[in-house]
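Just below is one structure, and these are the notes that go with it.
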Amino acid sequence: MRVLFAALPAHGHTYPLVPLAAAFQDLGADVLFATGSQFDGRLPVPTTLGAEPGWRFADAHAEAFATMPKGRPPSDDFARVLFVDVASPHLLEPTCAVVDQWRPDLVVVEQTDVAGVVAARQIGAPTALFSVVGWGPRWDGVYAAALSRWGARMRGTDGSPVSSVAEVADVYLEAHPVFLREAGEGSHDAAFGSHPPFPTLELAPRAWSEPGPPVPDWLTGERRPGDPPRVLLTLGTVFGNSEKLLAVADEVAAAGCEVLAVTGRSDLAEEVAHEHPAVHVEPFVDQVSVLGHVDLVVHHGGSGTVLGAVQHGLPQVVVPQGADQFWNGNRLVEQGAARVVLPGDPPGSVREAVTALVDPAAPERAGAQRLRDHLRELPEPAAVAAELMRGWAPDARA
């Protein structure tokens, strides 16, 4: 069985699919992963080009923001502009070429990779959408716009035209746990909960990161009474910049913590060189390994980092910058597992939140462990891969 994976070329969009891709491969499927050239040869499954060479999703953000009226926050229409109008033209032809040549039996497409869905449906391939955010009304709008633009090219598995959003995929792989996809009762976010129009399979999200430099010795060393708490700080690879990272690192260190500050970009590492002895700067780390050695995660609120921290039962301080990060922070606060520091909050707010959450008696620690236990109850990637193979292998469809 040939299984093609397709994802936008960004860490938070490609990495979440890797455990499922590896599970298919372990079960004997031929797996190919179409994404950007920056991930070529860096995943545990074979890769191929699913985007124009050198194109980065961060470039699409800058282009899409330039279309928005100045002084106004991004609206639901921003998702259409970003994923359909701006990103898809850089992805569509490369991904279509892979699909046409490789002829997969199943295509697993990361939810925001609209071009991946169009390419799969262009040959009527069985298509599974993999969630990286909850499916709210804006995603109905995104895929309605995709149908308007490319619907004439799209066919279902029986060869019939795709005429509605509910027909763009055969199954939705819900890797966004319920505590992140549904807002609490009375929340102003309640109207934006996740209601995908497809048959759904639950899937335990499993963090994956590239093997990187060894975990620093100061993190792995034996703990002694009086040692400072250890904190992982990252603002992601799309919204983060050196000025923001430095400001947050200063506040975390001021809370009496030792900080691993990860820039997410090698070209920012020198800019963020820090004289404070408690701040250690790295361009990239093996985040999965690092999470086992820290007491707290301070980050932007990207889904991958949120779920990685939850897997380890760690409380979080979320400093959202854009996209789904505000939503994620609000959901964690509702669950009693995090605190949020918003843009515009007074100086010292990060330090105050960190001071509260490194306390061993902080209630957010119990909240984080409760969410960790919930993840452990969800189906593992291997079980989901086996179920999809039973349903979509060529001999099963014959």
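The values are calculated or read from the model by the stated rules, or taken from the named source; none is laboratory data. Everything numeric in this text was worked out from a predicted model, so none of it was measured. Quick reminder, even Gly has a Cβ in these numbers, built from the backbone with ideal geometry, and neighbours come from all protein chains shown. For accessibility, only protein heavy atoms count, side chains too; no ligands or nucleic acids. Shrake-Rupley method; radii C 1.70, N 1.55, O 1.52, S 1.80 Å.
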Residue ranges of strands (runs of 3 or more DSSP E) in the range 1-111 with at least 1 members of a type outside the set (Ser, Thr, Tyr) and open to solvent by less than 40 Å² (accessible area, probe 1.4 Å): 2-6, 30-35, 106-110
Output for the range 136-166, where each listed residue is closer than 30 Å to GLN325 by Cα, in contact (Cβ under 8 Å) with a residue 12 or more places away in the chain and out of contact with any helix residue (DSSP H, G or I) (no Cβ under 8 Å at 6 or more places or on another chain): ALA166
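Filter the range 157-196 down to the residues that are of a type in the set (Asp, Glu), over 23 Å from the mean Cα position of the chain (by Cα) and farther than 13 Å from ASP140 by Cβ, then identify the one that is modelled with the highest pLDDT. Spell out how you get there, then give the answer.
Residues of the range 157-196 that are of a type in the set (Asp, Glu), as a first pass: 158, 167, 170, 174, 182, 185, 189.
Then keep just the ones that are over 23 Å from the mean Cα position of the chain (by Cα); that gives 158, 167, 185.
Next, only the ones that are farther than 13 Å from ASP140 by Cβ stay: 158, 185.
Values: ASP158: 95, GLU185: 71.
In this case the residue turns out to be ASP158.
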Tally, over the range 118-131, of residues that are assigned to a loop (DSSP other than H, G, I, E, B) and either of a type in the set (Ser, Thr, Tyr) or closer than 19 Å to ALA51 by Cα (or both): 2
Residue selected from the range 244-264 under the condition closer than 11 Å to ARG351 by Cα and among the acidic types (Asp, Glu), by the criterion surrounded by the most Cβ atoms within 10 Å (Cβ to Cβ): GLU251
Extreme residue, farthest from LEU20 (Cα to Cα), among residues of the range 112-152 that are crowded, with 18+ Cβ neighbours inside 10 Å and hydroxyl-bearing (Ser, Thr, Tyr): TYR143
Counted residues, the range 312-345 - those being under 22 Å from ASP359 (Cβ atoms), not in a loop (DSSP other than H, G, I, E, B) and not hydrophobic (A, V, I, L, M, F, W, C): 4
Residue in the range 335-353 that is surrounded by the most Cβ atoms within 10 Å (Cβ to Cβ), counting only those that are under 18 Å from ALA309 (Cβ atoms) and in contact with a helix residue (DSSP H, G or I) (Cβ under 8 Å, 6 or more places away or on another chain): ALA338
Matching residues in the range 367-395 - criterion: being open to solvent by 50 Å² or more (accessible area, probe 1.4 Å) and over 26 Å from ASN330 (Cβ atoms): PRO379, GLU380, ALA382, ALA383, GLU387, ARG390, TRP392, PRO394, ASP395
Sole exception among (1) out of contact with any strand residue (DSSP E or B) (no Cβ under 8 Å at 6 or more places or on another chain); (2) under 17 Å from ALA309 (Cβ atoms); (3) of a type in the set (A, V, I, L, M) for ALA356, by number: (1)
Within the range 280-302, considering residues that are closer than 21 Å to ARG376 by Cβ and in contact with a His (Cβ under 7 Å, 6 or more places away or on another chain), the one least open to solvent (accessible area, probe 1.4 Å): LEU291
Hits in the range 346-383 - residues which are in a loop (DSSP other than H, G, I, E, B), under 30 Å from ALA23 (Cα atoms) and in contact with a Lys or Arg (Cβ under 9 Å, 6 or more places away or on another chain): GLU380
